[in-house]
Ligand code: VGL
Ligand code: ZN
């Protein structure tokens, strides 16, 4: 979309997904330019949103999504898990590690809620709303509904993984869902069919009703 979108501080909420050094240049699973979103999110926190939550990818050592746990496999291979296909990743976002903390430059004092996900050793959790088996819920939808949130503005890392899965589930949970593009970066994996995961995620999200905006579109 282009132009102005007037925010309602009472019922709009910003959701910052996995803004952790693990997903930034120098981290274990770097998203190109991932650190560039920190000042943009800080601006949104300071000047645009009263309500905001953050998530942290928060894996135990030896998590089943790590390629290192699958002999003969390398990161970005896809394996079959009891709950469906699972892409394998470098070891990342280990509970309590420095890189798994929220980025130190992020104004995290403004988050009313910090939700950790991916704790189950046998199951991955991309979305802020549920684990990758599609059934185990984090409770986030009910919490946001109880607080009167109507529109969710999502941003963070990675746009083609955890932000995308969160946005799809936000729509399913009944929130009007926006993705703040300049506060988001994607990995951009080349998939087996030659497609780019960032393009595919964007098309999928637009098809299910997610509206792409930039931070400049948002006014009070
Ligand atoms: C993520 C891959 C694995 C993300 C987390 O935050 O997008 N991607 N774990
Ligand atoms: Zn992860």
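Coordinate-derived values only; no laboratory data. For clarity, every value in this text was computed on a predicted model and none was experimentally measured. Neighbour counts are summed over all protein chains in view; Cβ atoms, including those assigned to glycine, are modelled from backbone coordinates with ideal geometry.
Which of rounded, prolate, oblate describes the range 102-166, given a ≥ b ≥ c as roots of the alpha-carbon gyration tensor eigenvalues and a/c under 1.5 marking rounded, otherwise prolate only if a/b is larger than b/c? Oblate, because a/c is 1.5 or more while a/b does not exceed b/c. Among 147, 202, the ranking by other beta carbons within 10 Å of each residue's beta carbon, starting with the fewest, stands as 147, 202.
List 78, 161, 40 from most exposed to least, where exposure is judged by having the fewest other Cβ atoms within 10 Å.
Numbers: 78 12, 161 26, 40 18.
Least crowded to most crowded, the residues run 78, 40, 161.
All Cα-Cα separations within the range 118-220 were binned at 10 Å from zero, giving a P(r) of 15, 44, 34, 7, 0, each value a whole percent of the pairs.
Between residue 69 and residue 98, what length in nm is gained on full extension when 0.36 nm per residue of separation is reduced by their alpha carbon distance? Could you put the intermediate results ahead of the total?
Values: separation 29, 0.36 × 29 = 10.44 nm, distance 2.18 nm.
Full extension from residue 69 to residue 98 adds 8.3 nm.
Dividing the C-alpha radius of gyration of the range 166-209 by 2.2 N^0.38 Å, with N its residue count, gives 1.25.
The smallest convex shape that holds all Cα atoms of the range 47-161, its convex hull, gives 118 Å³ per residue. Globularity index of the chain is 0.96 (Cα radius of gyration / 2.2 N^0.38 Å, N = number of residues). Pairwise over distinct Cα atoms, reciprocal of the mean inverse distance: report the Kirkwood radius of the range 1-77 in Å, one decimal place. 15.3 Å is the Kirkwood radius here.
Computed from Cα positions, the angle between helix 37-47 and the longest principal axis of the chain comes to roughly 30 degrees.
Taking the C-alpha atoms only, the angle from helix 162-172 to the longest principal axis of the chain is near 60 degrees.
Can you give the extra length, in nm with one decimal, that the chain gains between residue 78 and residue 113 once fully stretched, where that is 0.36 nm per residue apart less the Cα-Cα distance? Walk me through the intermediate numbers first.
Working: separation 35, 0.36 × 35 = 12.60 nm, distance 3.23 nm.
Length difference between fully extended and current span is 9.4 nm.
Extent of the range 17-58 along its three principal axes (Cα atoms, max minus min coordinate, largest first): 32, 21, 9 Å. Each stretch of four or more DSSP H residues adds -39500 (n - 2.57); spread over every residue of the chain, this sum gives -5500 deg cm²/dmol at 222 nm.
Rank the residues 133, 35, 160, 47 as a footprinting-exposure proxy: fewest other Cβ atoms within 10 Å of their Cβ go first. Intermediate results must be reported in sequence, preceding the final value.
Numbers: 133 15, 35 19, 160 24, 47 11.
So the residues, fewest neighbours to most, are 47, 133, 35, 160.
Helix 197-207 versus the longest principal axis of the chain: what is the Cα-based angle in degrees, 0 to 90, to the nearest 10? The angle comes out at about 50 degrees.
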